[in-house]
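J.: Okay, here's the structure, questions in a sec.
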Amino acid sequence: MIPGLHLTRIGRDAFLLEPSRSLNIRDKTRLIERIAGELQQAKASCLYYDLAGLALIDPVYYAWLDALSRTMAAINVRMICIHMQPTAAFALSGFITGKPAFETALDISDVHFAGSPV
Amino acid sequence: MNRKLSEKLSALFSLKIGNISPLLAEPGKIHFGSDSSNLMDDDEIADLSAEFLSLMAELLGSKNPDDRQSPEFHALEMFFASLSHKILMRGGRVEEVVRYTQLLQYTLIEALEKDSGIPFTESRSVLHYFTGVFNELIMAVFRSYLEERERVLEAQAAELRETSTPITEIWDGVLTLPIIGTLDSSRTMLVMEALLSRVAKDHAEVVVMDLTGVQNIDSQVSHHLIQIVRAVQLMGSSAIITGIQPEIARALISLNIDLTGVTTRASLSDGLKEAFRRLGIQVSHKAS
């Protein structure tokens, strides 16, 4: 059990990560270690991060997503953010300049589109 | 206001105002009744006159009838503002309300003169007072008219903005957005809001934005445009921009807009072909 996060296996090597309201991203180093540990133990290759409940992504939250996705890349796990809300996408597009370190998709079923060159 | 006039006005209205009420209905009948614009029935006109008379009586009976800030005067202003609004909503014109107010003034003065037996030609202060009050009331009518016009214009502008950015799902998962006319910041924000909501609602995988009809673009708008593309991509969809005119392309380059990661195609048709390719859809001629 990771505090503030629900990590659920949804396939042979894929996991779904759902943040809850109690997530404390100030503790990101420990959280990232715990997530990476569990995924490695389960030999996961894909992590879906569900942003459905997040109306706004500010620079602090983006830094958390960025750090998590870079760690995932380091352990060869593909991180895909799904269900990003229009308001969150609007806010995020306002302060990032390039492509984020993570992939994005509308839903798990659309992952074949994620990261395709645009 | 001098004490003498104040007392004079109170004395005028302490007369039998019940006698005046039917007379004051006449201007209403002339301008709003069934014989003219047919905007009000007789009962409504009678109520209108009675309400006006009662508000006027309250003003004249107040401590200082000349005080334009008094609650009594404000109530009278509100009465005319609401009348103006009502007439406009029923298809009447502001001229009718103004003419009604003027005729009401003459009728009131005439009725008071007759009732009191005082010739107002010898009492200019009373005439002067009523002229001042009614001028303010006509101003209230105009203010209400202008506010109403402004509301209508704003609503029309909003409607125009909405219809000028038609987002269409041209294929399952493919949205097209032809942008026509001049893009300013407020319109770009509106497009962004509408488009991102549609992407989420329709689960759109590809968005084709056609700029063929865009004539001008400035630095701020081009940044917003790129922001729309990035936001669409962040939601997990692809964005394709089509129909960039040579002038717009030149403007984008001279504004140092970074188009890295933005797919562009010459025409809407090419953009759609690209969208179909990404979705793995093949459109072909029917075999003969």
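The values are calculated or read from the model by the stated rules, or taken from the named source; none is laboratory data. If you're wondering where the values come from, they're calculated on a predicted model, not measured in any experiment. Virtual Cβ from ideal backbone geometry, glycine too; neighbours counted across all protein chains shown. SASA here: full protein model, heavy atoms, side chains in, ligands and nucleic acids out. Shrake-Rupley method; radii C 1.70, N 1.55, O 1.52, S 1.80 Å.
J.: Looking at (1) open to solvent by 60 Å² or more (accessible area, probe 1.4 Å); (2) under 23 Å from A:G94 (Cβ atoms), which one does B:H203 not meet, given that it meets all the others?
T.: (2)
J.: Among the numbered criteria (1) open to solvent by less than 100 Å² (accessible area, probe 1.4 Å); (2) outside the structural domain of B:L112 (by TED's automatic domain parsing), which one does B:T131 miss?
T.: The one condition B:T131 does not meet is (2).
J.: Could you grab me the full set of residues in the range A:94-110 that are more than 7 Å from every other protein chain (Cβ to nearest Cβ) and either aliphatic (A, V, I, L, M) or assigned to a helix (DSSP H, G or I) (or both)?
T.: Across the range A:94-110, the qualifying residues are A:F95, A:I96, A:A101, A:I108, A:S109.
J.: Tell me, yes or no, whether the range A:47-61 has at least one residue that is within 17 Å of A:I35 (Cα to Cα), away from every other protein chain (no Cβ under 11 Å) and open to solvent by less than 10 Å² (accessible area, probe 1.4 Å).
T.: Yes, some residue in the range A:47-61 is within 17 Å of A:I35 (Cα to Cα), away from every other protein chain (no Cβ under 11 Å) and open to solvent by less than 10 Å² (accessible area, probe 1.4 Å).
J.: Are any residues in the range A:1-57 under 29 Å from B:S197 (Cβ atoms) and acidic (D, E), and if so, which ones?
T.: Listed by number, the residues that qualify are A:E18, A:D50.
J.: Within the bounds of the range B:97-108, is there any residue that is within 36 Å of the chain's Cα centre (by Cα) and over 22 Å from B:P22 (Cα atoms)?
T.: No, there is no match, as no residue in the range B:97-108 is within 36 Å of the chain's Cα centre (by Cα) and over 22 Å from B:P22 (Cα atoms).
J.: If you check A:L51, A:L56, A:L106, which single one turns out to be among the hydrophobic types (A, V, I, L, M, F, W, C) and within 11 Å of the chain's Cα centre (by Cα)?
T.: Unique residue meeting the criteria: A:L51.
J.: In the range B:232-269, what count of residues is obtained for those that are open to solvent by 10 Å² or more (accessible area, probe 1.4 Å), more than 14 Å from chain A (Cβ to nearest Cβ) and under 25 Å from B:V174 (Cα atoms)?
T.: Total satisfying the criteria: 7.
J.: I would also like to ask the following. State whether one or more residues within the range A:69-81 are at pLDDT below 90 and out of contact with any Gly (no Cβ under 9 Å at 6 or more places or on another chain).
T.: no
J.: Taking the range B:161-175 as the region of interest, how many residues are assigned to a helix (DSSP H, G or I) and surrounded by 10 or more Cβ atoms within 10 Å (Cβ to Cβ)?
T.: Of the residues in that region, 2 qualify.
J.: Same structure again: If you check B:L190, B:L225, B:L272, which single one turns out to be in a helix (DSSP H, G or I), open to solvent by less than 10 Å² (accessible area, probe 1.4 Å) and either in contact with a Ser or Thr (Cβ under 8 Å, 6 or more places away or on another chain) or of a type in the set (F, W, Y) (or both)?
T.: Only one candidate qualifies: B:L225.
J.: Let me ask another. Counting only residues that are under 20 Å from A:L16 (Cβ atoms) and not hydrophobic (A, V, I, L, M, F, W, C), which one in the range A:73-92 is surrounded by the most Cβ atoms within 10 Å (Cβ to Cβ)?
T.: Top of the filtered list is A:H83.
J.: Restricting to the range B:176-187, and then to whatever is farther than 15 Å from B:Q215 by Cα and of a type outside the set (A, V, I, L, M, F, W, C), can you tell me which residue is least open to solvent (accessible area, probe 1.4 Å)?
T.: Once the filter is applied, the top-ranked residue is B:T176.
J.: Quick one: which of A:L7, A:L31 is modelled with pLDDT of 90 or more, within 13 Å of the chain's Cα centre (by Cα) and open to solvent by 40 Å² or more (accessible area, probe 1.4 Å)?
T.: Exactly one residue qualifies, and that residue is A:L7.
J.: Residue by residue through the range B:28-67, note down the ones that are closer than 21 Å to B:Y106 by Cα and either open to solvent by 70 Å² or more (accessible area, probe 1.4 Å) or touching a Cys at 6+ places or on another chain (Cβ under 6 Å) (or both).
T.: Hits for the range B:28-67 are B:K29, B:I30, B:D35, B:D42, B:D47, B:E51, B:E58.
J.: Give the residue, chosen from A:A91, A:A44, A:A67, that is assigned to a loop (DSSP other than H, G, I, E, B), more than 8 Å from chain B (Cβ to nearest Cβ) and either of a type in the set (F, W, Y) or more than 16 Å from B:A239 (Cβ to Cβ) (or both).
T.: Unique residue meeting the criteria: A:A44.
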